[in-house]
1. Fewest to most neighbouring Cβ within 10 Å: what's the order for W81, W290?
2. Would you mind putting 426-435, 459-468 in packing order, based on average other-beta-carbon counts within 10 Å, highest first?
3. Applying a 10 Å radius around every beta-carbon, put 352-363, 272-283 in order of their mean neighbour count, most first.
4. Residue-wise, which Karplus ³J(HN,Hα) couplings in Hz belong to region 178-192, taking 6.51 cos²θ - 1.76 cosθ + 1.60, θ = phi - 60°, and x for glycine or proline?
5. Counting other C-beta atoms within 10 Å, which of E440, E447, E292 has the fewest, and how do the rest follow?
6. Would you mind ranking E116, E402 so that the residue whose beta carbon has the fewest other beta carbons within 10 Å leads the list?
7. Pairs of Cα atoms under 8 Å, at least six residues apart: use those to get the relative contact order of region 177-225, whole percent.
8. Enter the per residue convex hull volume of region 54-95, computed from alpha-carbon coordinates, in Å³ rounded to the nearest integer.
Amino acid sequence: MSSAGSISPSGSGSAKKPKESRRWLKPRVPKEQLYRLSPRRPKPKRLGRMERWDWIRRVIRTWWLWMAIAVAAHLLGHWIWTLIAGITSFFFYQTTPETHPAVYALETDLNVESPEFPITMAGMTGMPLVPGNAVVLFNNGDEFYPAMLEAIEAAEHSITMEQYIFWDGQIGRRFAEAFAEKARTGIPVKLLLDAVGSSTLGEPIVKILEAGGCQLAWYRPIHWYTLIRANRRTHRKSLIVDGRIAFTGGAGLADHWLGRAEDARSWRDVMIRVKGPGALEQQSGFALSWLESTGEILTGHDFFPLPEPAGDVSVQTILSSPFEGTGAAGTMHLIAVQCARRHLYIANPYFIPDARMIDMLHNASRRGVAVKLMVAGKHNDTWWARQNSVRLYGKLLAAGVEIVEFAPTMLHQKILMVDNAWASVGTANFDNRSLSLNEETSVCFHERSLIDQLHQMFLADLERCKKVTLARWKKRGFWQRAGEQFASLMEDQM
């Protein structure tokens, strides 16, 4: 005889068959239960307050609003307006980034010299800190191009390159000949070029590469059936040799990087070389882009050799991709700015921060951080970027940011230094395109001697800059201001 509290076996004939679950009929958690056990916490402070013109610009760029206008014009029989509104709607639909950026302030007392900082950066970007590397910084084309060619000529197993700019000219042909020469010896040479940035490569270089047996693929070529992805490009400048040596930085392969940035014909830039296990991170970025573009998987010792220490520097190579909502490069910049305590030095040609970053720079200045921003001046290759950058000077200057414009030539390096204890050199511009749309690469390190070298470069460049003052900025004329507001309609694409 079973006790009153016992349960009949499942095989018992007296057991009732359980009713079919009806949980799928419940559309949501009952409202009275939703927040019952949630811990109460103060509402976090939201970053990036939008001003009136920001809202107006957002409305103007709303694609479905233009589509509604096109439909209304069609119903009214106005074909010209239907066509104009339809094209505008399609353009804004294709060029409006779908990002999910951080909008709440980081509440942290972490500083870049603490052992938790690199762990935090690795955790939030998904990119590990890799020890055992030898790292060298190169100043301008007369330094980094010979070093890159030397590495190519010494290649023994493989050469891979992911490049935004590869143009015809003296430098382009010299590198093409070096690639072709190594390919003739049987070493695999795989080159991945952005179909927009390198569209002017030219038939002479293609013939050199083809004759040597190099493999050339294009990243996201534009066709009518690929327009949905055409706005997302690879902006990387990675050259990897034998999977052990990797170069990256601001410079592509074109003649205007030759020289020492002494006049307007020679751009100012910085490249970094990583020799050791850290090079494999850039190789991984190339391999994934190559797989997407060609369908080929790279394997084996030629491309992924066993890691061997080459020095004592730890590096973190941040590979940023737009498929992550907000790219890892954007997260890196936010964390670095928030953790600055004494100095924040930025050198970047296209500095177009969003409202979040302006708030963070303002907060950094208020807590006593000396924020110095070096940007491209009148020698700027993009009118749209220049106007959008100048438009924001007022907010930054009012926040206490010191802004200087590089005078001799186009400034193109992408450098970030925090408290003379942490630094980053890479390909990412300080704008929405780099931080939300492009494939980018940044190499970060804590090595004091390298940071001191980078700091000396920064100070030397400061001597060739012109300081921007708030009073001078406010004296801009009507047409200058009008041009800035017009250019701001393309802010998301800069």
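Here, each number is a calculation from the coordinates, and none is a lab measurement. Predicted model, so just to flag it, every value in this text is computed and none were measured. FYI the Cβ positions are ideal-geometry reconstructions off the backbone, even for glycines, and counts take in every protein chain you see.
1. Lowest to highest Cβ neighbour count: W81, W290.
2. Peptide ranking by packing, descending: 426-435, 459-468.
3. On the way: 352-363: 21.0, 272-283: 24.4.
With the highest mean Cβ count within 10 Å placed first, the list reads 272-283, 352-363.
4. 5, 4, 5, 4, 6, 5, 5, 7, x, 7, x, 10, 10, 10, 10
5. Exposure proxy ranking, most exposed first: E292, E447, E440.
6. With the fewest neighbours first, E116, E402 line up as E116, E402.
7. With pairs under 8 Å counted, the relative contact order is 52 percent.
8. On the way: hull volume 2.2 nm³, N = 42.
Given the Cα convex hull of region 54-95, per-residue volume reads 52 Å³.
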